[in-house]
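What follows is a set of notes on a single structure, which appears directly below.
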Amino acid sequence: MYQYYTDRLLQPDPAPQLTRRAALNRDREEGHRQLVNDYFADNCVYQPSDFNRMFRLRKNVFERIANTMEARYEFFQLRYDARGKQAFTGLQKCVAAIKLMAMEESPDSFDDYMRMSERTARESLYLLAKGVVETFGDQYLRKPSLHDMQQLYAAHEEKHDFPGKASDAPFTVNGNEYKFGYYLTHGIYPPYSTFVKAFRHPIDLRDKYFKRRQKGACKDVERAFGLLKSK
């Protein structure tokens, strides 16, 4: 995104041609009113649960980001162009940027709903990402400390009644003593000692047998959860 922004969007416009496309009257004010009526008015069309599903983000978190961007950066503040027409609001720009990331939409898909051009949508994405890193990076983008991890474990166990790490379950295999239990997982899980993954390319007969039994156990669990979900 940064390379595209610097290599293409910031380059000077080419020499003017004899015929130019007439400027579109996108009616940005109507786009803003529609957006507020759908998501941010007192009696809005979509509820917070719908907002979370459409934006992959809780509504209160989005509002915190949008308010911070508008208070700190001129780009997200309401301005007027040389003709005296209202530019896009910070709310419109933040919505466009979040939708681009969350739903993987095309930048030119906002023209009909929010009256926003492709260039403005891309610029909103770039500046919002940059602003979030500058504003919240020290607090949220740092590595968790030991105290943070303990708090996460405690909150997870309180909510789900399940410990955040492996419980004590000592056992012995081939003369080796192990303190914690283990979980059979797929290859996408982190390389923790309590996660036992299947062999990717087993050669030995024992490894092939283990992988076959492990895949069978995983399928049983997935089918059970599938039935529970369907009911």
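The values are calculated or read from the model by the stated rules, or taken from the named source; none is laboratory data. Keep in mind that this is a model prediction, so the values were computed, not measured. Every residue, glycine among them, receives a Cβ derived from its backbone with ideal geometry; neighbour counts consider all protein chains shown. We work out accessible area using only protein heavy atoms, side chains counted, and drop any ligands, DNA or RNA first. Shrake-Rupley method; radii C 1.70, N 1.55, O 1.52, S 1.80 Å.
Worth a mention:
- Among the residues making up region 35-73, those that are in a loop (DSSP other than H, G, I, E, B), within 18 Å of residue 129 (Cα to Cα) and either of a type in the set (A, V, I, L, M, F, W, C) or touching a residue at least 12 places away in the same chain (Cβ under 8 Å) (or both) are 56, 57, 73.
- Any chance residue 115 is open to solvent by 50 Å² or more (accessible area, probe 1.4 Å) and either within 29 Å of residue 142 (Cβ to Cβ) or modelled with pLDDT of 85 or more (or both): no
- When region 53-76 is filtered for residues that are touching a helix residue (DSSP H, G or I) at 6+ places or on another chain (Cβ under 7 Å) and surrounded by 14 or more Cβ atoms within 10 Å (Cβ to Cβ), the ones remaining, listed by number, are 55, 57, 59, 62, 65, 66, 68, 69, 70, 73, 75, 76.
- Restricting 225, 180, 210 to residues that are open to solvent by 50 Å² or more (accessible area, probe 1.4 Å), hydrophobic (A, V, I, L, M, F, W, C), more than 30 Å from residue 88 (Cβ to Cβ) and at pLDDT below 85 narrows the list to 180.
- Residue 74 meets all of the listed conditions (1) modelled with pLDDT of 85 or more; (2) over 24 Å from residue 40 (Cα atoms); (3) among the acidic types (Asp, Glu) but one, namely (2).
- Residue in region 162-172 that is aliphatic (A, V, I, L, M) and open to solvent by 100 Å² or more (accessible area, probe 1.4 Å) present: no
- If the condition is being open to solvent by 80 Å² or more (accessible area, probe 1.4 Å) and touching a strand residue (DSSP E or B) at 6+ places or on another chain (Cβ under 9 Å), then region 77-88 contributes 78, 79, 80.
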